[in-house]
Structures are given as C-alpha cells and as structure tokens.
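The values are calculated or read from the model by the stated rules, or taken from the named source; none is laboratory data. None of the values given here were measured: they were computed from a predicted structure. Using ideal geometry, Cβ is built from the backbone for each residue, glycine included, and neighbour counts are taken over all protein chains shown. Side chains included, ligands, DNA and RNA excluded: accessible areas come from the protein's heavy atoms. Shrake-Rupley method; radii C 1.70, N 1.55, O 1.52, S 1.80 Å.
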Amino acid sequence: MITLSRAAADQFSCCPINSHSILRSAQIIGVECSALTYSLCLKKNPFIAYSLAMNSELVIEFLGCVPLLQKLPISSLKRIAEVVSVKRYDRGDYIVREGETPDGIYFIWEGEAEVCGSFHSDDENHTEFQLKQFDFFGHGMTPSPSNQPADVLALSKLTCLVLPNEHIYLLKPKSIWSADEAQEKRPLVEQILQLDPVEVNIFQGITLPDAPKFGKVFGGQFLGQALAAASKTVDCLKIVHSLHAYFLLLGDFNIPIIYEVHRVRDGKSFATRRVEAIQRGNVVFTVMASFQKDEHQFIHQVATMPSVSEPEELFSMEELRERRLIDPRLPRTYRNKVASAEFLTWPIEIKFCEPNTSTNYTKSPPSLRYWFRARGTLSDDQALHRCVVAYASDLIFLQVSLNPHREKGLKSSSVSLDHSIWFHRPFRADDWLLYVIDSPNAHSARGFVTGQMFTRKGELVVSLTQEGLLRKARTPVQATKSKL
C-alpha cells in the first residue's frame, strides 16, 4: 500500500474521481503503479481518501448521503461518481463569487463553508448559512446555469466534489428506480413502488388503478412503498436485511399515502430507519427497517428447498382459472361464481406447486408452496428487488392459517397485524422464487404463518413471519320489515 505525500496528492486535486485518472496522475508524478491500491490518508490529505480498488465504492457511498441525491436510482449515482471532479480550498478562499457562473453543483466532502453577501445583515445569526459535509450549493440545477447570487467562502480547509454543468441532467432521472426509461414503460410492480419525493425524508405514494386492492390498500403495497421510502434515505451501499412492520388502520386506496422517514441511526456498517404511512393525518402503518453494508463472513445454510416441480411445468393462476371454469368436479355454483367475478391480473406471476380442485370451503393442511416472480424485467437495483419481494410476500400468506378451518358456508375475514422479513442473500425478484409457507399455530382469533423463499438453485434468500386477525364474517343485520 502506497501513501502519497501532500505534494503528490495535490496533483489529483482537479482530476475526475475515477481509477483511470488516478493511475494517469500517479504516473505523471512518478509514483510506482505496480501496486493495486493507492491509499490517501483523509486526515493528512483532506481532499480525498480512497484506494484504487475502493475508489468508486467510497464516492458512491458519499453521494448516497447527500440529501439532494437520495431520490436518485443507483445507476445515476454510479454515473455521477464517474464524472465528478475534486476541488480543494484553503481557509478564506472563495469557492464561487457573487455574479459568477458556477462550474456546476458543489458537494462538500470535508470541511466547512459559509454563504455570505448583501442578502443578510451582519447582526443576523449566520448558522443557517453555514455549509458542512454532505451540503451542496451551485446554480446548475436549471437548464441554463444562472449567475451565483452570493459568495461562498471556505471556513476551513475544504474539499468539494463538483458535478459539471453539462452533467446536471443526471439529477433528473425518469423515476427513483430508473434513470433512462419512462416510469410508464416499467413493469407494473415497479410503477406501484414508485414514490414522489416531497421533501427530505418525506415521500408520497398512490394506489394505481391496476394495482391489487382487496377493498383497501393492499398490505404488501404498504410494505413495498414504505421500504422504498426508507431505502431512498440510506446510502445505496447499505441494503435492507430485516424489517418489522405493524398494520394499524385500513388504508384508503382513493387518496395518496404520505411516507415519513425517521433516521434512527446511521453507522459505518448499519443504518436504521422508521417509516410511518399517513392518511388523513393518521398513522395507518409503520415499519422499522435495518440496512447493512455487504460483508462476506461466516456463511452456512441448513434449510433445504423442498422437492417440487419446476415452474415451467406448472399452470399459472390465469390458466388454472380457465381450467376451473370447465372442471366438472367442481360445483356448478362455484364455477358460476368464478366466471362472474372480476378478474384482475396481478403484477406478480404465481404458479402453485400442488394445484387441486379444492375450493374456499375445502379443509386442507396449513401449508402452501408456490413459485412467484415479478412480471417483466425490473431495473437493476437490489433495493428495488427487495421492495418487490416485500410487496409480493403478503399476497398469499396469512390465508394459509384458515386452511384447516374451511367448511361449507364459512365466510371469514382476515387482517394482517404484523409482518417481519429477513433478507439473507441477494436475488432477483423477476426470476422465479419458491415460497414455502406453513402455519404452525392459530389461537385467540390470530393466525400465525412462517415463510421461506428459495432461488431455483436452492439458496435460502428470505425468511418471513406474520400474524393476523382471523374472524368469522359478521352476518349483516336485516332491516325490520314494516307491517304497513
């Protein structure tokens, strides 16, 4: 590992932050380039600290902590990391002057600066005009960069990453998941999980007309959208590894949902977020989620995937429905009911491993196995894929607790109370995943279910639990007929 001197480090101060520029600059100043990594000490050389191997990762991690950038998809952050340049300033230096056209958007890597000028008097409290790490300034946000309205002065040794004006378009992606493709062209589940940033830590989601509803906001929608909001406030190198959610009130799918994110903790390896979903001023759903930077230590798996048919050998839900309509083994009244019911194609494709002729009135063991995947090809963001699995995990889960209690004439209602997910390994939610569900217990009108999700290779990628309220549906009270 080679530590560069300050003189050597100065040669890097205006270079774009990428491995090629580091290598070229190192060669120019005569540093031996045979070693794979070049370390710069942040304390001694405050303008930057990274190794050649870790360069891109550290820059992306920094950019992910800048509030302005947290709404961006990871693909945009990676592009920004490739084009930003580094600029250093000593205490008292002017970074930009009033009336000048800034070079772009400045992000403070280390140090402090102050906005000063004729817009505020000397006796005002200047705290609001001091800039620290992760703050940003510049007027490149508009299509034609305008002149700087005030001076920005370095209060200490200062290091900034600068996004040039010609790359400002990177701050305006098509959606929070995709930088290039319009949101309406993305798969339906990705559209459902799209949020609009309202301000820092606050997002707005809606229920799309084609989204599953079940008479209320679908619980999986709360899970997926809330997790999406939390993910957008954490640097993109930290991925959710667990969440614990509570469903408090029924959601109204006719009005928007406000997701307010509380930053509980930000650490080097872990971050914790609490999200509240709000409608009409009431908290209707809350989730606590923990995020971790990837580590490769102590790996084992005891759980084994059950032996089931491959998804290509099984019927889809749509095909099963068509077959049931003409299956003479099913009661005619049931087939007529299926035929007359409105059928909405879900954004998640499902194939049951053991299709049968059971109805909602047929007793069966409290277990279920099915393959599922998102329809279409999702954007390449692991955070999105985990949000999709959170969404899909609630589609057919709690209902398994009712299997041993089904009987002719039974009408029941079920409501999710809480939901926990542990994400063990990376996966793609648009590839087939096997969902193995069991209900080991039901008591006091509460059903309890557990779940495991496996890839086709047998890797255990997700574990889940849920408890929900199970009740017999109330018989509607008939109005008393008048004798008149």
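If you go through the range 441-454, how many residues are out of contact with any Asp or Glu (no Cβ under 6 Å at 6 or more places or on another chain), surrounded by fewer than 18 Cβ atoms within 10 Å (Cβ to Cβ) and part of a strand (DSSP E or B)? Reasoning before the result, please.
Step one: list which residues in the range 441-454 are out of contact with any Asp or Glu (no Cβ under 6 Å at 6 or more places or on another chain), which gives 441-445, 447, 449, 451-454.
Narrowing further to those that are surrounded by fewer than 18 Cβ atoms within 10 Å (Cβ to Cβ): 441, 443-445.
Right, trim to part of a strand (DSSP E or B) and you get 441, 443.
Result for the range 441-454: 2.
Can you name the residue in the range 64-103 that is assigned to a loop (DSSP other than H, G, I, E, B) and open to solvent by 70 Å² or more (accessible area, probe 1.4 Å) and is also nearest to Lys174 (Cα to Cα) among such residues?
Step by step, filter the range 64-103, then rank; the result is Lys71.
Only one residue in Lys457, Lys472 is free of Cβ contacts under 8 Å to residues at least 24 places away in the same chain, open to solvent by 10 Å² or more (accessible area, probe 1.4 Å) and farther than 22 Å from Leu344 by Cβ. Which one?
Just one listed residue meets the conditions, Lys457.
Which is buried (at least 18 other Cβ atoms within 10 Å of the Cβ), acidic (Asp, Glu) and touching a residue at least 12 places away in the same chain (Cβ under 8 Å), of Asp438, Asp430?
None of the other options fit; the residue is Asp430.
Taking the options Phe253, Phe298, name whichever one is crowded, with 17+ Cβ neighbours inside 10 Å and outside any helix (DSSP H, G or I). Explain how you work it out, then say what you get.
Working: Phe298 fails: crowded, with 17+ Cβ neighbours inside 10 Å.
Checking each option against the conditions leaves just Phe253.
Go through (1) farther than 22 Å from Arg263 by Cβ; (2) modelled with pLDDT of 90 or more; (3) within 25 Å of the chain's Cα centre (by Cα) and name the single condition Arg91 misses.
Going through (1) farther than 22 Å from Arg263 by Cβ; (2) modelled with pLDDT of 90 or more; (3) within 25 Å of the chain's Cα centre (by Cα) one by one, Arg91 breaks only (3).
Can you work out which of the residues in the range 369-381 that are open to solvent by 20 Å² or more (accessible area, probe 1.4 Å) and either assigned to a loop (DSSP other than H, G, I, E, B) or over 14 Å from Leu433 (Cβ atoms) (or both) is modelled with the lowest pLDDT?
Asp380
Looking at (1) out of contact with any strand residue (DSSP E or B) (no Cβ under 7 Å at 6 or more places or on another chain); (2) in a helix (DSSP H, G or I); (3) of a type outside the set (A, V, I, L, M, F, W, C); (4) more than 24 Å from Glu312 (Cα to Cα), find the lone condition where Tyr391 falls short.
Every condition holds for Tyr391 apart from (4).
Scan the range 411-424 for residues that are surrounded by 13 or more Cβ atoms within 10 Å (Cβ to Cβ) and not in a strand (DSSP E or B) and jot them down.
Result: His424, single match.
Conditions tested, residue by residue: (1) under 15 Å from the mean Cα position of the chain (by Cα); (2) modelled with pLDDT of 95 or more; (3) open to solvent by less than 10 Å² (accessible area, probe 1.4 Å); (4) of a type outside the set (S, T, N, Q).
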site	(1), (2), (3), (4)
Gly215	no, no, no, yes
Leu223	yes, yes, yes, yes
Leu248	no, yes, no, yes
Ile258	no, yes, no, yes
Val261	yes, yes, yes, yes
Val284	no, yes, yes, yes
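So in the range 151-173, with the set limited to residues that are closer than 13 Å to Tyr94 by Cα and not in a strand (DSSP E or B), which one is least open to solvent (accessible area, probe 1.4 Å)?
Ser156
Just need a number here: residues in the range 315-352 that are among the hydrophobic types (A, V, I, L, M, F, W, C), at pLDDT 95 or above and not in a strand (DSSP E or B).
0
Are there any pairs with C-beta distances below 6 angstrom linking a residue in the range 285-311 that is farther than 25 Å from Ser231 by Cβ to a residue that is among the small types (Gly, Ala, Ser), with the two at least 6 apart or on different chains, and if so which?
Qualifying pairs under 6 Å: Met305/Gly458.
Considering only the range 188-228, state which residues are part of a strand (DSSP E or B) and in contact with a helix residue (DSSP H, G or I) (Cβ under 7 Å, 6 or more places away or on another chain).
Of all residues in the range 188-228, those part of a strand (DSSP E or B) come to 196-199, 202-205.
Answer for the range 188-228, where residues must be part of a strand (DSSP E or B) and in contact with a helix residue (DSSP H, G or I) (Cβ under 7 Å, 6 or more places away or on another chain): Phe203, Gly205.
Evaluate the range 154-171: report whether one residue or more is under 30 Å from His385 (Cβ atoms), under 35 Å from the mean Cα position of the chain (by Cα) and modelled with pLDDT under 85.
no
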